[in-house]
Amino acid sequence: AAKRDGTGVRAYSADLDEGQVERLVLLPDLRRALERDELDVFYQPKLDLAQGAVTSAEALVRWNHPTLGRLAPDVFIGLAESTGLIERLTHNVLAKALRQCREWQDAGLELSVAVNLSARNVGNPALPARVAAALAEAGVPAHRLTLEITESSVMRDPERALPVLRELEALGVALSLDDFGTGYSSLSYLQRLPVCEVKVDRSFVMGLEVADEARTSAALIRSITGLGASLGLRIVAEGVESAEVLEELRELGCDVIQGYHVGRPLPSAEFDAAVRVLNGV
Ligand code: C2E
Ligand code: CA
Ligand code: CA
Ligand code: CA
């Protein structure tokens, strides 16, 4: 938004929104970050209630920015998606997460790893071959990998996304539907997706503790776990911050619990130590 201000000096109108600022300031940095390997992967435990043990970990990316410090994904994932850098970012996170999974395997920790995909990844026909290559390179069996997708990323272009998802399923990779209940939430659509897990969106779990939302949140979660039971899906609740909510979710029929109450996302060494305590190994 360049303007002339009458003095011949170029001034800039202050109408850049936050997104544009991020774009201008962070884009060159993000490109460099991928080259210089400034991305770190943190791991958050997923607690299986039936087994009473952590059986999986979600990989969550962090950016160690040289001057801004550690940046959360909300700050740069959108930028990576809109510029196409998400392809490299996802591949980087996937490779690191699978390497980590292999280390757990070698150390006798039976853990699977879950990696988030964005819309562009899900619409890329080259994804299944890349995933297969990454699994082979790390020496991790496909069933140890879960890919978390969202309804909105599938709905952006279902004709492209569905064949990609079916190929991933055929590889033996598990698919999880993240942020469930926030998007189109077409329950019939769920049947068409080759997912084996559904993650109830954090907002409904948090709603359990809000006085005038508690009943509708509970009813909604119960309808999702009921559907899950009849379709043979594993139901994960995320954003669980207290023992009370964990117990309520157990009663509502959730299978897996994720949230600060079980464990925050941690760098791998700290995560390993925390899981050994939680699992008593
Ligand atoms: P998400 O996939 O829904 O991940 C869960 C987010 O909730 C994480 O935020 C996690 O730190 C946070 N969380 C977990 N437990 C709790 C809790 O008990 N309370 C609260 N308040 N929050 C909790 P994070 O790590 O900041 O990630 C935000 C989003 O960024 C993720 O949401 C995901 O959509 C995206 N993301 C993260 N890593 C990646 C990645 O490697 N690739 C892609 N494409 N997206 C990623
Ligand atoms: Ca996720
Ligand atoms: Ca989520
Ligand atoms: Ca989310």
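Near Ala114, the amide H atoms lying under 5 Å from its own belong to Ala57, Glu58, Ala59, Thr146; only residues 5 or more places off or on other chains count, and H is placed 1.01 Å from N. Take every Cα pair under 8 Å whose residues are at least 6 apart in sequence, average their separation, divide by the length of the chain, and the relative contact order is 17 percent. Arranged from fewest to most other beta-carbon atoms within 10 Å of their beta carbon, Ile235, Ile77 become Ile77, Ile235. Proximity of backbone amide H atoms, modeled 1.01 Å from N, is registered between Thr150 and Asp178 at under 5 Å, excluding neighbours fewer than 5 places apart on the same chain.
Under the combined filter of DSSP loop state and at most 14 neighbouring Cβ atoms within 10 Å, segment 59-108 retains none of its chymotrypsin sites (Phe, Trp or Tyr not before Pro). Looking at the chain alone, DSSP beta bridges between its own residues are antiparallel in about 45 percent of cases. Placing +1 on the Cβ of every Lys and Arg and -1 on the Cβ of every Asp and Glu, with no other charges, gives the chain a dipole of roughly 800 debye about its Cα centre. Annotation: the residues Tyr189, Tyr260, Tyr43, sorted from fewest to most other C-beta atoms within 10 Å of their own C-beta, follow the order Tyr260, Tyr189, Tyr43.
Cβ crowding within 10 Å, taken as a proxy for footprinting-reagent exposure, orders Cys101, Cys196 from fewest neighbours to most as Cys196, Cys101.
Is segment 95-249 best put as rounded, prolate or oblate by its Cα gyration tensor, with a ≥ b ≥ c the root eigenvalues, rounded for a/c under 1.5, and otherwise prolate when a/b is larger than b/c, oblate when not? It comes out oblate by the Cα gyration axes.
Bear in mind that the values in this text are calculations on the coordinates, not laboratory data. Everything numeric in this text was worked out from a predicted model, so none of it was measured. Cβ coordinates were reconstructed from backbone atoms using ideal geometry, including for glycine residues, and neighbour counts include every protein chain displayed.
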